[in-house]
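J.: Below you will find the structure I want to go over with you.
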Amino acid sequence: MHSATPTSHSYYSQRLRLHYLDWGNSDAPPLLLVHGNRDHCHNWDWVAQALRDEYHVIALDFRGHGDSQWVHGSTYNHTDYVYDLAQLIYQLKLAPLKIIAHSLGGSVALRYAGVFPENIEKMVIIEGTGGPAWAHQDVPVHEKMRAWIESTRAVSGRLPKRYEALEDAYQRMHNENSHLTEDQARHLTGHGSNQNEDGSYSWKFDNYSHVMAPFDISLEQTRALWKRILSPLLLLSGSESLFGQNTETDPAEYFANASHIILENAGHWVHHDQLEQFLMLTQHFFCEPHSEPR
């Protein structure tokens, strides 16, 4: 593997200018990297660096994240994120392709794969089968709507957190995930923040991304989409994350052709916390012969 530097590009989704990184090697098989909520495409830099000699690696910034435009006058929701993903794959002619996705990105990528199963060769999904919390709750419609209105109103008065120095933002990043090395935490902080006019620093993501749309497809409908995915899936979770600790059933059961592995000494960001093991599992999975659905 040799060191590479990605190039930044823009594409359009519902009239929003969105950002992605292209790691070159365009003649190689395409591999799309999809980040989680309030994250950004540089979250994947170590993974992309390791895989860019074998694949044409693309990493996107969802709307309201990283260097993509924020949404105004609407809500962040899974359906629009699916469109962001679909547009990038369509415009760059990436299909059929492999995908690695984390958390929110995993949930979105799985929905895309359920709609367009013919476009997916293989997928690695890191803690992406949870979905929006309300999808698991039997709550009356009026309560959902009321909670959304109140939470959106609360966010409207919430100013972006300002840090006097980049070092303060780094400390917050490192405190959120003690598994991160200093280099990782500083890298993610530098790419995930902007300097304000007064010299302070704030995270790039839109505060409104904290509030998801109150209505979407149901958990049953989501799982029906999952059943349409016939290509092999590798589901990963961390032993120290809430997801890994609270998974009552094996999420692989909801798919036609999936396996689930829990990595020890890893939290929600498995690909940071156990990078070498993650890369080993991913590369082995991608190189395995295509298995038939069970």
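The values are calculated or read from the model by the stated rules, or taken from the named source; none is laboratory data. This one's a predicted model, so the numbers in the text were calculated from it and none came from an experiment. Ideal geometry is used to build each Cβ from the backbone, glycine not excepted, and the neighbour counts take in all protein chains shown.
J.: So L31 passes all but one of these: (1) crowded, with 20+ Cβ neighbours inside 10 Å; (2) not in a strand (DSSP E or B). Which condition number does it fail?
T.: For L31, the exception is condition (2).
J.: Can I ask one more? Any idea how many residues of the range 199-216 are over 19 Å from the mean Cα position of the chain (by Cα) and either part of a strand (DSSP E or B) or surrounded by fewer than 19 Cβ atoms within 10 Å (Cβ to Cβ) (or both)?
T.: From the range 199-216, those over 19 Å from the mean Cα position of the chain (by Cα) are 199-202, 214-215; that's our starting set.
This time we only want the ones that are either part of a strand (DSSP E or B) or surrounded by fewer than 19 Cβ atoms within 10 Å (Cβ to Cβ) (or both), so: 199-202, 215.
Selection size over the range 199-216: 5.
J.: Still on this structure, please answer the following. Could you identify the single residue in L85, L60 that is of a type outside the set (K, R) and either over 12 Å from the mean Cα position of the chain (by Cα) or outside any strand (DSSP E or B) (or both)? Before you say what the answer is, go through the steps one by one.
T.: Details: L60 fails: either over 12 Å from the mean Cα position of the chain (by Cα) or outside any strand (DSSP E or B) (or both).
It is L85.
J.: Does the range 93-109 contain any residue that is outside any loop (DSSP other than H, G, I, E, B), charged (D, E, K, R) and modelled with pLDDT of 95 or more? Give the steps one after another, and end with the answer.
T.: First pass over the range 93-109, keeping only residues outside any loop (DSSP other than H, G, I, E, B): 97-102, 104-109.
Pick out the ones that are also charged (D, E, K, R) and you get 98.
Then drop every residue that is not modelled with pLDDT of 95 or more, which leaves 98.
Within the range 93-109, one or more residues are outside any loop (DSSP other than H, G, I, E, B), charged (D, E, K, R) and modelled with pLDDT of 95 or more.
J.: Hey, another quick one. Is it the case, given these coordinates, that S13 is at pLDDT 95 or above, within 25 Å of G190 (Cβ to Cβ), touching a helix residue (DSSP H, G or I) at 6+ places or on another chain (Cβ under 9 Å) and small (G, A, S)? Let's see the steps before the verdict.
T.: Numbers: at pLDDT 95 or above: yes; within 25 Å of G190 (Cβ to Cβ): no; touching a helix residue (DSSP H, G or I) at 6+ places or on another chain (Cβ under 9 Å): yes; small (G, A, S): yes.
It is false that S13 is at pLDDT 95 or above, within 25 Å of G190 (Cβ to Cβ), touching a helix residue (DSSP H, G or I) at 6+ places or on another chain (Cβ under 9 Å) and small (G, A, S).
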